[in-house]
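**Q** Below are the structure tokens for one structure; questions will follow.
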Amino acid sequence: MTEKIKIVFLGTSDSVPSASRNHPSMWLNYKGENILFDCGEGTQRQIRKAKLNPCKITKILITHWHADHVLGLPGLLKTLEMSGYRKTLHIYGPKGTKLLMKSLLKLFAFRTDYQIKIEEVNGKFFENEDFYLESEKMDHRVPCNAYNFVKKGKLRIDKIKHSQFKITSGKHLQKLKQGKAISYKGKKYSAKTLTYSEGEKKVSFVLDTAFNKKISPFVKEADVFICESAFSSEIKEKAEERYHMTAKKAGEAAKKAKVKKLFLIHISQRYSKNLEQILKEAKKIFKNSYLPKDLDSLEI
Ligand SMILES: [Zn+2]
Ligand SMILES: [Zn+2]
């Protein structure tokens, strides 16, 4: 049985939390890996409410350093210290993360008994045999990264391509399945030419950004596209002025990228009595749109 990717929406509000929506944070679990995407204020309690164990966190990915996305960090790091966390905690973020993390650790006089490794990332920044992580720069008031978690598929032999190139079976097929190039009758073939990937799964996270051309190529064909939608298009000028997305633009990005499902988060409290407005606007453009509540979860 193949293991599933589990995602928990720990917080789905924008910069002002409401009684039912906490500051942004999402938890992704795959095999032994537990990755936290952003850590807004109150994330620790959301982790407890979701019955997750903070000591199992392996990586924290910060989209940007606006308070609503990072205020939960000092408290969480302290809890890890108090709970005997002994792993190396990897924290990834956009440009400036190293200095800001250093200041944060100094400000709260941390004396961590565990290692914290901080990296400023752009492009593919982590890969193992099961999955990889990549980032893309977004368009916000401060440096901001979007992230992809991609579970690798298994490489399968493309039989049509093989007959096209008149390649017969043999030991070289094993090499191709490992993603290696082969030489056949004096010609070189890359694994990409002769194989296809089966079972690949992609989860994309696009927080705080103005709509921009980089979004759709980055989230292309994602199984799950989690996107900020702070505003509705009736106040699109405000969204542009504050470097945020509208539900309509999130829907357009999802449609263009041919994703499977769109999940709208970072919802402004001004819509707390009329959430349907946000969902309707996105659905008009992209049918498979959803509006998760705090602590909702999904598996793919
Ligand atoms: Zn925000
Ligand atoms: Zn922001």
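**Q** So which residues in the range 137-155 are surrounded by 16 or more Cβ atoms within 10 Å (Cβ to Cβ) and more than 16 Å from ligand 2 (Cβ to nearest atom)?
**A** Listed by number, the residues that qualify are 148, 149, 150, 151, 152, 155.
**Q** Give the residue that is farthest from residue 86 (Cα to Cα), with candidates limited to residues of the range 24-37 that are touching a residue at least 40 places away in the same chain (Cβ under 8 Å) and assigned to a loop (DSSP other than H, G, I, E, B).
**A** 24
**Q** Sticking with this structure for a sec: Within the range 227-246, track down each residue that is within 16 Å of ligand 1 (Cβ to nearest atom) and either open to solvent by 40 Å² or more (accessible area, probe 1.4 Å) or over 12 Å from residue 271 (Cα atoms) (or both).
**A** Scanning the range 227-246 gives 227, 228, 238, 239, 240, 241, 242, 243, 244, 245, 246.
**Q** Looking only at the range 192-218, which residues are more than 16 Å from ligand 1 (Cβ to nearest atom) and among the charged types (D, E, K, R)?
**A** 192, 198, 200, 201, 202, 213, 214
**Q** Let me ask something else about it. Is there a residue being within 18 Å of the chain's Cα centre (by Cα), away from ligand 1 (no atom under 16 Å from the Cβ) and at pLDDT 95 or above anywhere in the range 68-90?
**A** Yes, the range 68-90 has at least one match.
One line per residue, one yes/no per condition, for (1) within 21 Å of the chain's Cα centre (by Cα); (2) of a type in the set (A, V, I, L, M, F, W, C):
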position	(1), (2)
199	yes, no
203	yes, yes
216	yes, no
224	yes, yes
262	yes, yes
268	yes, no
281	no, no
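**Q** Same structure again: Could you check the range 264-286 and list, in sequence order, the residues that are closer than 22 Å to residue 217 by Cβ and more than 16 Å from ligand 1 (Cβ to nearest atom)?
**A** Within the range 264-286, 282, 285, 286 meet the criteria.
**Q** Separate question: Name every residue in the range 254-268 that is open to solvent by 30 Å² or more (accessible area, probe 1.4 Å) and either within 21 Å of residue 8 (Cβ to Cβ) or modelled with pLDDT under 90 (or both), in order of residue number. Write out each step before concluding.
**A** Taking the range 254-268 and keeping what is open to solvent by 30 Å² or more (accessible area, probe 1.4 Å), we get 255-256, 258, 260-261.
Hits for the range 254-268 are 260, 261.
**Q** Look at the range 99-147 and say how many of its residues are in contact with a helix residue (DSSP H, G or I) (Cβ under 7 Å, 6 or more places away or on another chain) and not β-branched (Val, Ile, Thr).
**A** At the first step, the residues of the range 99-147 found to be in contact with a helix residue (DSSP H, G or I) (Cβ under 7 Å, 6 or more places away or on another chain) are 104, 108, 110, 112-114, 118, 120, 136, 146.
Adding the requirement that they be not β-branched (Val, Ile, Thr) leaves 104, 108, 110, 113-114, 120, 136, 146.
Number of matching residues: 8.
**Q** To continue, here is another question. Out of all the residues in the range 82-92, is one or more open to solvent by less than 10 Å² (accessible area, probe 1.4 Å) and among the β-branched types (Val, Ile, Thr)?
**A** Checked against the condition, which is being open to solvent by less than 10 Å² (accessible area, probe 1.4 Å) and among the β-branched types (Val, Ile, Thr), the range 82-92 yields at least one hit.
**Q** Would you check if residue 163 is among the polar types (S, T, N, Q) and modelled with pLDDT of 95 or more?
**A** Taking the combined requirement at face value, the residue does not satisfy it.
**Q** Which condition number in (1) open to solvent by 10 Å² or more (accessible area, probe 1.4 Å); (2) more than 17 Å from residue 138 (Cα to Cα) is the one that residue 194 fails?
**A** So the condition that residue 194 fails would be (1).
Residues checked against (1) in a helix (DSSP H, G or I); (2) modelled with pLDDT of 95 or more:
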{"residue": "239", "(1), (2)": "yes, no"}
{"residue": "252", "(1), (2)": "yes, yes"}
{"residue": "270", "(1), (2)": "yes, no"}
{"residue": "278", "(1), (2)": "yes, no"}
{"residue": "287", "(1), (2)": "no, yes"}
{"residue": "292", "(1), (2)": "no, yes"}
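**Q** Shifting gears a bit: Please tell me if residue 163 is polar (S, T, N, Q) and in contact with a Phe, Trp or Tyr (Cβ under 9 Å, 6 or more places away or on another chain).
**A** When the stated conditions are applied, residue 163 does not pass them.
**Q** If we scan the range 36-44, do we find a residue that is more than 16 Å from ligand 1 (Cβ to nearest atom) and of a type outside the set (Ser, Thr, Tyr)? I'd like the intermediate steps shown before the answer.
**A** Step one: of the range 36-44, the residues more than 16 Å from ligand 1 (Cβ to nearest atom) are 44.
From what is left, the residues that are of a type outside the set (Ser, Thr, Tyr) are 44.
The answer is yes; a qualifying residue exists.
The values are calculated or read from the model by the stated rules, or taken from the named source; none is laboratory data. Since the model is a prediction, treat every value here as computed from it, not as a measurement. For neighbour counting, all protein chains shown are included, and Cβ atoms are generated from backbone atoms with ideal geometry for every residue, glycine included. With ligands, DNA and RNA removed, areas are computed over all heavy atoms of the protein, side chains included. Shrake-Rupley method; radii C 1.70, N 1.55, O 1.52, S 1.80 Å.
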